[in-house]
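Everything on this sheet refers to the single structure shown next.
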Amino acid sequence: MKKILLVVLAVCVSAVGTAWAGGCDGCGASVTGYMAPNFRMIDKGEGNNSDVGFGMAFNRVVFQGKYEVGEIIKHVGFRVETDIRQTTSHGLQWAFIQPYFNEHVSLKFGRVKEPFSREILHPTSKLLTVDRHIGGNLVGLGYGGFSYGCELHATHEMFKVHAGIYEGQGAQAVVNNQDPMLEYGARFVLTPPVEGLEIGANVMMTALPGVKENGVWGLCRDDGTYADSDSTYQTNTGLAFGADVDYQQKFGTAFLWAQAEIGMGDNYMAPDISAGDEWEDYDFYSFMYFYLKGLLMVNEQFGIHLCFSQWDPNTDSDAGKDNETTMITPGVVYKWCKNLRTQAEVQLVKQKTSGDDLDYTHVVLQNVFTW
């Protein structure tokens, strides 16, 4: 039934888009999508059997469009994207409307990605490697990923600005059962007069509502019991910032796409508590990450990719300074046509935990199809 409804909605959106698009250059509606069936061998460590089998990394359906409006708001765009890789459920991804005041300034209102980390913001259908390396850790701490909010987007020949206010929880239909604080983020991208080069910087401040229970302060999100009392409820914030570079260039029939990113911030899962501190006075140990990745297409069909990344959840504490995860992912890609590519990748993972090294070797064979 769910798939039938999606098909019906796709036909309706396409028909409406055709009817409204007359006389509006670039306007109309479209239905697209992309999917990634794969085969994986997931190493479970020494003494354990590996997980081996087939899966679906993502299976997205995208409804999007743009329409002419009037004098003040020139156009309105929209995007609704859902993931139906599971047989019994779907996950909402993008869902926003975007009024354009002119070709350079617009707003986004709805479910969007917070403006932090180039890797998280990179389109899923165009990933340089099979998986993101750092994104999951940042999303887990609330410094990136999808959230409901309002954003300002401004573009220029030399720069782009992307800033917004967010509710920070990522899955709320209305304002209930969530913390009473907003979150803030901004991203600035410089496009210097060097073909294919972009330099980015971003900052994100996440809300940390604290609740005192049995005399102990702790983080409390989505609880719905935030009393208006300094003795039982206080607020704190976590701050993260980073910088990145993206370079794309053609060399005859070859094509290079390279990225690098570094960032750091407050790891509120590791508080640095002094005796008598209230929640609003808590300091936190810091996390730090970086990665280098690249895709080199030797010709239009065949290419190689590589990424090296490191995630350190605690750079300050003596007890946790040796806890880090390093990941290296060499692989190859073959493009059968514009819409279909096959990626084969080995994922070499080293985890340090209290000085012990754990090594894992995963293998992935993935097909990415766009339609």
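The values are calculated or read from the model by the stated rules, or taken from the named source; none is laboratory data. Quick caveat, the model's predicted, so the values are computed rather than measured. Glycine also receives a Cβ, built like all others from the backbone with ideal geometry; neighbour counts cover every protein chain displayed.
Against the condition within 25 Å of the chain's Cα centre (by Cα) and in contact (Cβ under 8 Å) with a residue 24 or more places away in the chain, how does residue 191 come out, does it pass?
yes
Scan (1) in contact with a Ser or Thr (Cβ under 8 Å, 6 or more places away or on another chain); (2) closer than 27 Å to residue 328 by Cβ for the single condition residue 260 breaks and write down its number.
Of (1) in contact with a Ser or Thr (Cβ under 8 Å, 6 or more places away or on another chain); (2) closer than 27 Å to residue 328 by Cβ, only one is false for residue 260: (1).
Within the range 64-80, is there a residue that is closer than 15 Å to residue 370 by Cα and out of contact with any Phe, Trp or Tyr (no Cβ under 7 Å at 6 or more places or on another chain)?
Within the range 64-80, not a single residue is closer than 15 Å to residue 370 by Cα and out of contact with any Phe, Trp or Tyr (no Cβ under 7 Å at 6 or more places or on another chain).
Can you tell me which residues in the range 284-340 are part of a loop (DSSP other than H, G, I, E, B), modelled with pLDDT of 95 or more and either within 17 Å of residue 136 (Cβ to Cβ) or among the aromatic types (Phe, Trp, Tyr) (or both)?
329
Per-residue answers, yes or no, for (1) without any contact (Cβ under 8 Å) to a residue 60 or more places away in the chain; (2) buried (at least 18 other Cβ atoms within 10 Å of the Cβ):
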site: 312; (1), (2): yes, yes
site: 327; (1), (2): no, yes
site: 335; (1), (2): yes, no
site: 345; (1), (2): no, yes
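Among the residues of the range 63-81, write down those that are in contact with a Lys or Arg (Cβ under 9 Å, 6 or more places away or on another chain) and in contact (Cβ under 8 Å) with a residue 24 or more places away in the chain.
63, 64, 65, 68, 75, 76, 77
Consider the range 202-220. How many of its residues are surrounded by 15 or more Cβ atoms within 10 Å (Cβ to Cβ) and touching a strand residue (DSSP E or B) at 6+ places or on another chain (Cβ under 7 Å)?
Total satisfying the criteria: 13.
Of the residues 257, 279, only one is under 21 Å from residue 184 (Cα atoms), touching a Leu at 6+ places or on another chain (Cβ under 9 Å) and touching a residue at least 24 places away in the same chain (Cβ under 8 Å); which?
Going through 257, 279 in turn, the sole match is 279.
Could you list all residues from the range 347-364 that are surrounded by 15 or more Cβ atoms within 10 Å (Cβ to Cβ) and either under 11 Å from residue 43 (Cβ atoms) or without any contact (Cβ under 8 Å) to a residue 40 or more places away in the chain (or both)?
347, 348, 349, 351, 352, 360, 362, 363
Report yes if some residue within the range 83-91 is of a type in the set (Lys, Arg) and either closer than 26 Å to residue 347 by Cβ or without any contact (Cβ under 8 Å) to a residue 24 or more places away in the chain (or both); otherwise report no.
Looking for residues that are of a type in the set (Lys, Arg) and either closer than 26 Å to residue 347 by Cβ or without any contact (Cβ under 8 Å) to a residue 24 or more places away in the chain (or both), one finds at least one in the range 83-91, hence yes.
When you go through 112, 139, 105, 161 one by one, which is the residue that is crowded, with 18+ Cβ neighbours inside 10 Å and touching a strand residue (DSSP E or B) at 6+ places or on another chain (Cβ under 6 Å)?
Exactly one residue qualifies, and that residue is 112.
Go through the range 13-62 residue by residue and tally those that are touching a helix residue (DSSP H, G or I) at 6+ places or on another chain (Cβ under 6 Å) and modelled with pLDDT under 80.
Summing the residues that are touching a helix residue (DSSP H, G or I) at 6+ places or on another chain (Cβ under 6 Å) and modelled with pLDDT under 80 in the range 13-62 gives 0.
For the range 63-80, does any single residue satisfy the condition of being under 19 Å from residue 125 (Cα atoms), in contact with an Asp or Glu (Cβ under 6 Å, 6 or more places away or on another chain) and modelled with pLDDT of 90 or more?
no
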